[in-house]
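Taking it in order: structure first as structure tokens, then the write-up.
What follows is calculated from the coordinates using simple rules that are stated; it is not laboratory data. Quantities reported herein were computed from a predicted structural model and do not represent experimental measurements. Cβ atoms come from the backbone with ideal geometry, glycine included; neighbour counts cover every protein chain shown.
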Ligand code: 8OZ
């Protein structure tokens, strides 16, 4: 008899095998040191969540100007690599798998963030109608300057170097952040990219820098240790797009040629039953990708199970449920009630709301 695939069926993606399809989504928690070294308590936090099929870390800067919010970690200095080593060791010792998410915020930055006084960089000198989290709370993003072609070429190398550093730090792979209105997404979308050189204008041109960064990473560490995250609905951080269907059919098709470990898409809404306009867009651009697909955005155990059974997704990434349920896969498998997450401790702070959520299975 053919066995039905469930959330708890092991899977192979790229170079790794995972024991279940309940993945931990990347979650910004703003607890790193000011110099970008991850907080040592992150080793406890991530190791507590090692039962995830795969952990994808919080977004992590590949370059000093890739930082847009206070207390986010980096991977561009030797101290960062040393800091991350303790975390990957703890996760592996607890039986888990962990990918580092590679990030550059582009124009979603306030110039008071380290390195202080520096304007954000972006495809075009066009401010985002968005906010970022600074020392004094949420502030509007600063006016960016346009990157030169030489700077783009240097950033491609920075991405590759960050991927190499991630493997040196013990990660199982990397996820390239091309979503949520940050740098690579700013290049992809027509509303944030006014360039008239080979990095702007046509879809082919707008995809150029994201694909160059991806190819450089693949060349550095191998396609089977690389995933990518996209957000075709473009709902975060002011990145309007004239023709999302054409763009993401083309972009996902380019990704498909590269045989990478996975595509992780933010679908942005619960359920994804394919009925409204946004759900239809997601279904349409999903078809351009034939490899391992991670769905994310408002899923619960029932909709995630359905997405897997229907063949829409191979895995589902859970965000806030993983914050407040370190043993989420076991809870979903056994029907134990979930703990609600406290939003007040999401960004910044200490162990409260970070390492102190209870494990149902330990009877605490
Ligand atoms: C929440 C707060 C700050 C950053 C993303 C990296 O949206 C983020 C992020 C989320 O991808």
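Global dimensions of segment 84-222 from alpha-carbon coordinates: Rg and Dmax equal 16.3, 50 Å.
Along its first, second and third principal axes, ordered by size, segment 6-64 spans 41, 24, 15 Å in Cα coordinates. Dividing the helix sum by the residues of the chain, where each DSSP H run of 4 or more adds -39500 (n - 2.57), gives a mean residue ellipticity at 222 nm of -9500 deg cm²/dmol. When the Cα atoms of segment 117-176 are aligned to their principal axes, the ranges along those axes come out at 36, 31, 20 Å in descending order.
In the distance distribution for segment 280-364, Cα-Cα pairs more than 15 Å apart total 64 percent.
Highest mean first, the peptides 220-226, 331-337 sorted by other C-beta atoms within 10 Å per residue fall in the order 220-226, 331-337. In segment 124-221, Cα pairs under 8 Å separated by at least six residues give a relative contact order of 27 percent.
Comparing Cα centroids, segment 212-271 and segment 124-178 end up 16 angstrom apart.
Within the listed set 316, 156, 174, the residue fluctuating most in the Gaussian network model of the chain (springs between alpha-carbon atoms under 10 angstrom) is 156.
When the alpha-carbon atoms of segment 299-349 are used, the pair Rg, Dmax equals 12.5, 40 angstrom.
Global dimensions of segment 163-263 from alpha-carbon coordinates: Rg and Dmax equal 13.5, 40 Å. A Förster radius of 35 Å, combined with the Cβ-Cβ distance separating residue 149 from residue 12, puts the computed FRET efficiency at roughly 0.35. Size check on segment 11-345: the Cα extents along the three principal axes, sorted descending, read 54, 44, 38 Å. Considering only alpha-carbon pairs that sit under 8 angstrom and 6 or more positions apart, the relative contact order computed for the chain is 17 percent. Taking the alpha carbon gyration tensor of segment 58-105, multiplying each eigenvalue by 5 and rooting it gives semi-axes of 22, 11, 8 Å, largest first.
Comparing segment 238-313 with the 2.2 N^0.38 Å rule of thumb, its C-alpha radius of gyration ratio is 1.09 (two decimals). The calculated P(r) of segment 142-219, using every Cα pair and 10 Å bins from 0, goes 18, 49, 26, 7, 0 in percent. Within the chain, antiparallel bridges make up roughly 20 percent of the DSSP beta bridges whose residues both belong there.
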